[in-house]
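Below: one structure, written as structure tokens.
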Amino acid sequence: MSAENELSPLTDTVRAHETPEGIRLELRLAGPIVRACAWSIDMLIRIILYGLIATVFSFFGGVGTAVMLIMFFLIEWFYPVLFELYNGSSPGKKAMGLVVIHDNGTPVSFSSSFIRNLLRTADFLPFMYAAGLLSMLMNRNFQRLGDLAAGTLVVYRDKELVRVKLPEVEGVRPPVDLSVDEQRDLISFAERSSQLSAERQIELAAQLYSVTGKRGEAGVREILGYATWLTRGHR
């Protein structure tokens with residue numbers, strides 16, 4: 001029996017992308033509501049900054065006003081770009097667990113971040129980001145006009161994964177060549193084995209009898225050996 005499984009259908013808010021290295025990424029798209037919350041947080045931060053700058057530079061007359069306006073301009077247009085280049089998200093997006101990436105799953109670049117934020121003016125038309133909201137509702141990736149022009153997506157940031165320690169079993173080279181999905185299934189079985197009962201492990205291992213040629217606990221150990229060999233650089 002082949003270990004290759006059919007992938008379950010993706011939900012409407014998840015997009016899959018396969019890298020040139022064969023790594024399959026699942027991107028969870030952020031919808032209008034959570035993005036509006038992130039925007040509100042960023043707007044509040046900018047308003048506080050504007051208030052502090054205005055208070056400080058109001059004491060310096062005309063020169064202070066000129067510097068204040070320049071700082072307002074820089075904050076308005078480069079505040080999101082700076083943070084998106086630094087860690088992929090502005091403070092508001094970070095607070096909501098969001099990140100900006102290219103639509104191929106790679107980190108956002110300066111040009112893409114600048115374009116998507118420059119076109120916030122078009123998204124704002126005719127008032128209160130009506131054009132941007134309409135654009136998000138009309139395409140399956142929730143992209144506003146700036147995202148469409150820059151080729152970017154706003155997705156949920158994946159939580160940092162803690163690698164599960166595999167059982168201490170001597171590595172065994174699989175007797176047949178395995179596809180990427182089959183290798184992933186074997187490693188997943190080994191990572192979850194400590195959470196499964198002995199009976200369930202034996203039941204799952206029996207499905208690969210045609211590959212392992214072993215049943216019972218011996219079959220389980222054989223599969224764990226394959227997973228160990230796969231995760232330790234094929235030594």
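The values are calculated or read from the model by the stated rules, or taken from the named source; none is laboratory data. Just so it is clear, the model here is predicted, and its values are computed rather than measured. Backbone-built Cβ (ideal geometry, glycine too); neighbour counts: all protein chains shown. Ligands, DNA and RNA are excluded from the accessible area calculation, which covers all protein heavy atoms including side chains. Shrake-Rupley method; radii C 1.70, N 1.55, O 1.52, S 1.80 Å.
Calculate the FRET efficiency for Ala54 and Trp77 from the Cβ-Cβ distance with a Förster distance of 25 Å, rounded to the nearest 0.05.
On the way: r = 18 Å, r/R0 = 0.71.
Rounded to the nearest 0.05, the efficiency is 0.90.
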>> As a test question: what accessible area, to the nearest 10 Å², does Arg28 have when a 1.4 Å probe is rolled over all protein chains in place?
In response: 110
>> Can you find, among Val220, Thr121, Gln201, the residue sitting farthest towards the positive end of the charge dipole of the range 114-235, where Lys and Arg contribute +1 and Asp and Glu -1 at Cβ?
In response: Thr121
> Any idea what angle helix 216-231 forms with the longest principal axis of the chain, computed on alpha-carbon atoms, 0 to 90 degrees, nearest 10?
Replying inline: 40
> Regarding the chain, what are the three Cα extents along the principal axes, ordered largest first, in Å?
Replying inline: 85, 37, 30
>> Just to confirm the number: angle between the C-alpha axis of helix 32-57 and the first principal axis of the chain, 0 to 90 degrees, nearest 10?
In response: 40
>> Please check: in the Gaussian network model of the chain (C-alpha springs, under 10 Å), which one of Asp42, Asp123, Asp181 has the largest mean-square fluctuation.
In response: Asp181
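What is the magnitude of the charge dipole of the chain about its Cα centre, with +1 placed on the Cβ of each Lys and Arg, -1 on the Cβ of each Asp and Glu, and no other charges, expressed in debye to the nearest 20? Walk me through the numbers before you get to the answer.
Details: 24 positive and 25 negative charges, 118 e Å.
In debye, rounded to 20, the chain gives about 560.
When the solvent-accessible surface of protein heavy atoms is calculated with a 1.4 angstrom probe, in what order do Met138, Met128, Met68 fall, highest first? Walk me through the numbers before you get to the answer.
On the way: Met138 150, Met128 130, Met68 35 Å².
Highest to lowest solvent-accessible surface, that is Met138, Met128, Met68.
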>> Could you give the length gained by full extension between Ile70 and Arg192, i.e. 0.36 nm per residue of separation minus their alpha carbon distance, to one decimal place?
In response: 38.3 nm
> Under a point spin-label approximation (7 Å from Cα along Cα-to-Cβ), what is the Met138-Glu168 distance to one decimal in nm?
Replying inline: 6.3
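What's the carbon and sulfur percent of the chain's accessible surface, probe 1.4 angstrom, rounded to a whole number? Please list the in-between numbers first.
Details: 9230 of 14470 Å².
Accessible surface attributable to carbon and sulfur in the chain totals 64 percent.
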>> With n ≥ 4 as the cut-off for DSSP H runs, can you work out [θ] at 222 nm for the chain, using -39500 (n - 2.57) per run divided by the number of residues, rounded to the nearest 500?
In response: -17000 deg cm²/dmol
> How large is the accessible surface per residue of the chain, computed with a 1.4 Å probe and reported in Å² as a whole number?
Replying inline: 62
